[in-house]
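Student: Here's a structure for you.
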Amino acid sequence: MRIFISLLIIIQGGIACSRSKAQEKSDDNLPAIPKIERRLPPPGGLEFPVEERKKIERRLADYEDRLWEIGDDLHVADVGALTKAVDFALKNNEFYHKKEFSLAGKFLELADQRFAEINDQKTHSWTGQRGLVVRGYLSSIDESFQPFGLEIPENLDLSKPAPLLVWLHGRGDKSTDIHFLQRCMTRSQAFGGKVPDQRECLILYPFGRQCIGWKHAGEIDIFEAIAAVKKDYRIDPERIALAGFSMGGAGAWHVGAHYNDQFCAVHAGAGFAETARYNQLKPETYPPEYEQRMWKVYDVPNYIRNFLNGPVLAYAGEVDKQKQSSDLVVAAFAAAGGEMPCLIGPGMPHRYHDASVKQIWQWLRESWAAGNPARPDHVEIQTPTLRYAKQHWLQLTGLKKHWEDSRASAQWDEGKKTITVATKNVVSLEITEPGGADLSSFAIEINGKTLRAGKPGFSVSSLGLIRDAEGNWGWGEPDIHRKHPGLQGPIDDAFLSRFIVVGPDNDPANPKVARWVNFELNHFRKRWRELLRGKLPEESAGKLDSDDMDKANLILWGDPDSNPMIAEIADRLPVTNWTKSHFTFRGKTYNAVDHVPLFVFPNPVNPERYIVINSGHTFREDHDRTNSLQNPKFGDWAIIDLNQLPNGSTPGKVVAAGVFDENWK
């Protein structure tokens, strides 16, 4: 029930939340921190008609009770995504033309129709609708309603498993929820609207949190939207293709590289693929080393061998400036031993060529016909991080050192009952038979050494291997206290799954710290609502329960004196001797009057979840000018000097920043 309480506050109160004394108090002796102007989405310059606005707000307020009434219905998000779109457009000032005012009433009318059907008839007729349909789902990250669109051909046979095309949209600074829904209801979008009469597949249009380059929560939203579609439509899991253009092409590059095993084909059209060259940076203009390291989270060349696992097709217009990204990926793939086809639209700028679209669609038909095998014989993994370390039946579970090139190449020989693996910078891995078949009779040849699983007397469908300090491989699982998949950093990684923000109960004793915590926490709230398109999930330390501890990452703000949750775990954190006057981090003592630590760390109460101290996402407003810069800016930790005020690039002066080692030291 807590889920719907938190969601309905969005409708009733926008960013309303309980505020600590620290968040309300300002010190007259300290200058105010200047406001940081938002870039995405840009503020609208229109004032919604007053009387009409009052009517809309009353209707939205009514939905607090209405959504509660249907809160147990599996399709409540199909209503909630509509009301949330209107609510955010009003509260965030997201109307850019007078003709858009009518959209508020339009989507509330549709919400009313769906609510009445659910509440009165317990039916959901729109799930059987053909053509263009708008839907929604409940995000597991922040318990917000997120929209998506569907395009369902009239003649597509849905009585049997059907192919799915996941189409990632391009950048739209003003394409917030309400504009996205309008587009999904009124026109075909895939390939620039050049395949409106196709009959082969359903097309899914995820929202991806609007304009964050299909990164962060936008990346996870792709898979949550796919899961929502699968609940109502028979989708063939072996025939899901990923494609996109421009920002959507960039998303297809990195999502296709990170999760290649989830798709039978990946097509990227004219999307950036890395950071430095796309932004025309030279070594002399590079940011600090700790930020350069974080480019590896999304820069596609670091994952290029993953494309050896399945079909991939690039496209670029002949005179498109973004053609350089397609050229770069094709060249990197060739250097890895692959051959990636790349279609060039003759004479085309940043658009699709008609003939090229026909070729791409034929390629998709062939890819759907071939499908995505549940257990391919050969698997390749390349990654610098355990966040993206799984392809099909092979998963890396431990690296010798994070952020260095790590690889595994594996061959499954069913006839010989042998799996051969070669690795680089890997200290543990896991092999899993996707169908649950017994692996106890298999021999594993890893880096020249043969291990036999033996017969324990019961079926074994998963095998864990680990390398010791001398480099010898044997059976075993990695130490839980080492970095492992899903718990490997950096700070921004904590916002890819469920999290709860816990602000301070009282003022931090130092005025500069209190002012900074107040500003940065409010900045995070505002940025999550405006840019990440949800309401920040928050709770006070005293109200956290066992479910929160078990299932959520905790984002803690303040210090041990102001935040009881920080105080509870202070003796098990990497910051030591944390008092009002000083703290020690990595052997160096800092003045606590002028400095704050930011870091991510395994939660000492539940080591399978993160705690984050004093940080939200580490990219800020200045980085929103191009999606290619919306990357993590710190690694696992940073020390901030508060004598430099927060701005659109940084939360203060970065004294030091870096990553913890594989043992979180």
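None of the figures in this text is laboratory data; all of them are computed from the coordinates on show. Note that the structure is a prediction, hence the values are computed from the model and not measured. A quick note on method: Cβ atoms are made from the backbone with ideal geometry, for glycine too, and the neighbour counts reach across all protein chains shown.
Student: Have a look at LEU573, ALA190, ALA276 and report the one farthest towards the positive end of the charge dipole of the chain, computed about the Cα centre with Cβ charges (Lys/Arg +1, Asp/Glu -1).
Tutor: About the Cα centre, the residue reaching furthest to the positive side is ALA276.
Student: Of the listed values (i) 75, 72, 53; (ii) 75, 62, 55; (iii) 96, 64, 52, grab the one calculated as Cα extents along the principal axes in Å from the structure here.
Tutor: Among (i) 75, 72, 53; (ii) 75, 62, 55; (iii) 96, 64, 52, the one derived from this structure is (ii).
Student: At GLU568 and ALA422, where each label point lies 7 Å from the Cα along Cα→Cβ, what is the point-to-point distance in nanometres?
Tutor: About 5.0 nm, to one decimal.
Student: Which FRET efficiency value, to the nearest 0.05, is calculated for LYS401 and THR579 with the Förster distance at 30 angstrom and r the Cβ-Cβ distance? Please report the intermediate quantities before stating the final value.
Tutor: Values: r = 34 Å, r/R0 = 1.12.
The value I calculate is 0.35.
Student: Moving on to the next point. Could you list the GluC sites (Glu not before Pro) in region 122-190 that lie in coil according to DSSP, counting only those with at most 15 other Cβ atoms within 10 Å of their Cβ?
Tutor: For GluC sites (Glu not before Pro) across region 122-190 that sit outside H, G, I, E and B with at most 15 neighbouring Cβ atoms in 10 Å, the list reads GLU154.
Student: Also, quick follow-up: Relative contact order of region 107-236, please, whole-number percent, based on alpha carbon pairs below 8 angstrom and at least 6 residues apart. If you can, show how the numbers build up before the last one.
Tutor: Working: 180 pairs, mean separation 36.4, N = 130.
For region 107-236, the relative contact order is 28 percent.
Student: Rounded to the nearest 0.05, what FRET efficiency do GLU238 and SER159 have when you use their Cβ-Cβ distance and R0 = 25 Å? Mind dumping the intermediate values first?
Tutor: On the way: r = 18 Å, r/R0 = 0.71.
According to the calculation, E is roughly 0.90.
Student: Right, next: Hey, what number do you get for the chain at 222 nm if only DSSP H runs of n ≥ 4 count, each worth -39500 (n - 2.57), divided across all residues, to the nearest 500? Intermediate values should be presented prior to the final figure.
Tutor: Working: 14 runs with 173 residues, N = 665.
Only helices count here, giving -8000 deg cm²/dmol.
Student: Taking the Cα-to-Cβ direction at VAL319 and at VAL605 and moving 7 Å from each Cα, how far apart do the two end points lie in nm?
Tutor: 6.1 nm
Student: I'd like the trypsin sites (Lys or Arg not before Pro) in region 193-252 restricted to DSSP loop residues with at most 11 other Cβ atoms within 10 Å, sorted by number.
Tutor: Values: sites: LYS194, ARG199, ARG209, LYS215, LYS230, LYS231, ARG234, ARG239; in loops: LYS194, ARG199, ARG209, LYS215, ARG234.
Hits after loop and neighbour filter: ARG199.
Student: Order of MET247, MET340 from fewest to most other C-beta atoms within 10 Å?
Tutor: On the way: MET247 25, MET340 20.
Sorted ascending by nearby Cβ count, the order is MET340, MET247.
Student: Just in region 517-623: which GluC sites (Glu not before Pro) are loop by DSSP and have at most 11 other Cβ atoms within 10 Å? Spell out each step's value before the answer.
Tutor: On the way: sites: GLU520, GLU530, GLU538, GLU539, GLU568, GLU608, GLU621; in loops: GLU539.
Loop-located and lightly packed - none at all.
Student: What's the lysine pair count for region 311-470 at a Cα cut-off below 15 Å, pairs eight or more apart or interchain?
Tutor: Details: LYS390/LYS424; LYS400/LYS424; LYS401/LYS424; LYS417/LYS455; LYS424/LYS449.
Total qualifying Lys-Lys pairs in region 311-470 comes to 5.
Student: Now for a separate question. Where nothing but the Cβ of Lys and Arg (+1) and of Asp and Glu (-1) is charged, how large is the charge dipole of region 163-302 around its Cα centre, in debye to the nearest 20? The partial results should precede the final answer.
Tutor: Numbers: 16 positive and 16 negative charges, 72 e Å.
The calculated dipole for region 163-302 is roughly 340 debye.
Student: Taking the Cβ of each residue in LYS54, LYS323 as the centre, tally the other Cβ atoms inside 10 Å and list the residues starting with the fewest.
Tutor: Values: LYS54 11, LYS323 21.
Sorted ascending by nearby Cβ count, the order is LYS54, LYS323.
Student: Between ALA227 and HIS378, what length comes free when the chain is fully extended (0.36 nm per residue of separation minus the Cα-Cα distance, one decimal in nm)? Let's see the in-between values first.
Tutor: Working: separation 151, 0.36 × 151 = 54.36 nm, distance 2.68 nm.
This chain segment gains 51.7 nm when fully extended.
Student: Do you know the relative contact order of region 40-127, to the nearest whole percent, from alpha carbon pairs under 8 angstrom that are 6+ apart? All intermediate terms of the calculation are to be shown ahead of the outcome.
Tutor: On the way: 62 pairs, mean separation 34.6, N = 88.
Reported relative contact order: 39 percent.
Student: Still on this structure, please answer the following. Have a look at ILE446, SER428, ASN631 and report the one farthest towards the positive end of the charge dipole of the chain, computed about the Cα centre with Cβ charges (Lys/Arg +1, Asp/Glu -1).
Tutor: ASN631
Student: Explain nothing, just the number: dipole magnitude of the chain about its Cα centre with +1 on each Lys and Arg Cβ and -1 on each Asp and Glu Cβ, in debye rounded to the nearest 20.
Tutor: On the way: 81 positive and 88 negative charges, 202 e Å.
Dipole magnitude for the chain comes out near 980 debye.
Student: Could you tally the net charge around GLN121, taking each other residue with its Cβ under 12 Å from the Cβ of GLN121, Lys/Arg +1 and Asp/Glu -1? Could you put the intermediate results ahead of the total?
Tutor: On the way: positive: ARG114, LYS122; negative: ASP73, GLU117, ASP120.
Around GLN121, the surrounding residues sum to -1.
Student: Hey, another quick one. Could you work out how far apart the two model spin labels at ALA336 and ARG187 are, taking each label as a point 7 Å from the Cα in the direction of the beta carbon, and quote it in nm?
Tutor: Label at ALA336, label at ARG187, 3.5 nm between them.
Student: If the only charges are +1 at each Lys and Arg Cβ and -1 at each Asp and Glu Cβ, what is the size of the charge dipole of region 40-127 around the Cα centre, to the nearest 20 debye?
Tutor: Details: 13 positive and 18 negative charges, 76 e Å.
For region 40-127, the charge dipole is close to 360 debye.
Student: Quick check on region 40-127: take the gyration tensor over C-alpha atoms, sort the square-rooted eigenvalues as a ≥ b ≥ c, and tell me if it's rounded (a/c under 1.5), prolate or oblate. Mind dumping the intermediate values first?
Tutor: Values: a/c = 2.33, a/b = 2.12, b/c = 1.10.
Here region 40-127 falls in the prolate category.
Student: Hey, what did the chain get for relative contact order, percent, Cα under 8 Å, at least 6 apart?
Tutor: Numbers: 1409 pairs, mean separation 81.0, N = 665.
After rounding, I find 12 percent.
Student: Another question, then. Out of all DSSP beta bridges in region 515-630, what portion is antiparallel? Express it as a percent rounded to 5.
Tutor: Values: 11 of 14 bridges.
Given both bridge residues lie in region 515-630, the antiparallel proportion sits at roughly 80 percent.
Student: Test of understanding: ordering PHE458, PHE442, PHE101 by Cβ neighbours within 10 Å, fewest first, what list do you get?
Tutor: Numbers: PHE458 7, PHE442 22, PHE101 17.
Taking fewest neighbouring Cβ atoms as first place, the list is PHE458, PHE101, PHE442.
Student: In nm, what is the difference between 0.36 nm times the number of residues separating SER440 and SER546 and their Cα-Cα distance? Show your work: numbers first, answer last.
Tutor: Details: separation 106, 0.36 × 106 = 38.16 nm, distance 3.79 nm.
Stretched fully, the SER440-SER546 segment lengthens by 34.4 nm.
Student: Pull up the DSSP beta bridges for the chain and report the antiparallel fraction as a percent, rounded to 5. The partial results should precede the final answer.
Tutor: Values: 66 of 100 bridges.
About 65 percent, rounded to the nearest 5.
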